[in-house]
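The values are calculated or read from the model by the stated rules, or taken from the named source; none is laboratory data. Here the structure is a predicted model, which means the values were calculated and not measured. Here the Cβ is made from the backbone with ideal geometry for all residues, glycine too, and neighbour counts use every protein chain on show. Remember, those area values only see protein heavy atoms, side chains included, never the ligands or the DNA or RNA. Shrake-Rupley method; radii C 1.70, N 1.55, O 1.52, S 1.80 Å.
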Amino acid sequence: NSSQVTEFILLGLSDMRELRVLFFTFFFLAYAMVLLGNLLVIVTVRTDPRLSSPMYFLLCNLSFIDICCTSVTSPRMLVDLLSQRKAIAFEDCIAQMFFLHFFGASEMFLLTVMAYDRYAAICKPLHYTTIMNQQVCCALVSACWAGGFLHSIVQTLLTIQLPFCGPNTINNYFCDVPPVIRLACTDIYVTEWLMASNSGLISLVCFLVLVTSYTFILVTVRLRFTEGHWKALSTCASHVMVVTLFFVPCIFIYLRPFSTFPSDKHICVIYTVFSPVMNPIIYTLRNNEVKVSMWKLWKRCRV
């Protein structure tokens, strides 16, 4: 395009050196927890034959996406927290934006599939093995990745066709659609509504599907007071916590005109850092089968 801007300047989370050091320590520990926690979930699920149900297959994919998603923003953020000048090349900025939305949208679709899996397990237990067999699971996961790619490529193409010829300061710690297109030196009214319809509606529709699934699950559990159903409900409660942490900030950020409302970089921390940290904690500490498998894996490694 006709852009004259070759790099963007990221303002980061704070200008105060003391706060930057504090943030670096906190986010470094959070990133380490994301990597170690999610890798532990993947290794546990892959090495224990008893964890071969669709729920654990989807959980393994969720852990992989969390590692990828947080690795798009966290390493760069950690480096910038210790740097005076936080510059990022135009091409690197667009690439970061593409992969962030690719993995982010894929996670949204995957969380929706996981809710459908819990709905099938609780509300259709006799048909569960038919509804969620291995072929169906692989097809649904592939569809999640394909949907994430389609969503992200649309966002990227809408961004790179804009001219950037003036200010290049991004009030955030990573490149995202709202703060970037706000710097374009052209009218972005149509573009921002197209992007809000893309990102915002995907977030909202997936969230509504999830809420509907959990509503059916709660109604079913009320009518069936069995130990198995209460166990499944406990799993769903953990899922609801992850969904709330991930979807509500995304809906708030993307389902509104980008140029009218200022971007809130502190809210972005919730779905780029906190949600990936919480996933392995919630799915392991509240799941006895995973905890037992992890303990056995630990004992094998010590031997």
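What the table shows:
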| read-out | value |
| --- | --- |
| Mean shadow area of the chain over all directions, Cα convex hull, nm² | 17.2 |
| Furthest towards positive pole of dipole, Q84, Y119, W145, structure part the chain, Cβ charges | Y119 |
| Helix 275-285 vs. the chain, principal-axis angle (Cα, 0 to 90°, nearest 10) | 10 |
| Cα long-axis angle, helix 90-123 against the chain (0 to 90 degrees, to the nearest 10) | 20 |
| Lysine pairs with alpha-carbon atoms under 27 Å apart, the chain, spacing 8 or more or separate chains | 7 |
| Cα long-axis angle, helix 17-47 against the chain (0 to 90 degrees, to the nearest 10) | 40 |
| Point-charge dipole on Cβ atoms (K/R +1, D/E -1) for the chain, about Cα centre, debye to 20 | 1200 |
| Helix-only mean residue ellipticity at 222 nm for the chain, each DSSP H run of n ≥ 4 adding -39500 (n - 2.57), per residue, nearest 500 | -25500 deg cm²/dmol |
| Å² per residue, accessible surface of the chain at 1.4 Å | 48 |
| Nitroxide proxy distance, nm - points 7 Å out along Cα→Cβ at T169 and I9 | 0.6 |
| Accessible surface of region 7-302 [probe 1.4 Å, protein heavy atoms]: carbon and sulfur percent | 71 |
| Options F99, F252, L59, ranked by Cα towards positive dipole end of the chain, top entry (Cβ charges) | L59 |
| Segment Q84-F252, extension gain: residue separation times 0.36 nm, minus the distance between their alpha carbons | 57.4 nm |
| Ordering of 82-94, 101-113 by packing [mean C-beta count within 10 Å, highest first] | 101-113, 82-94 |
| Placed amide H near I170: partners under 5 Å, 5+ positions off or other chain | I9, L10, L11 |
| Peptides ranked, highest mean first, by Cβ atoms within 10 Å: ranges 23-34, 132-143 | 23-34, 132-143 |
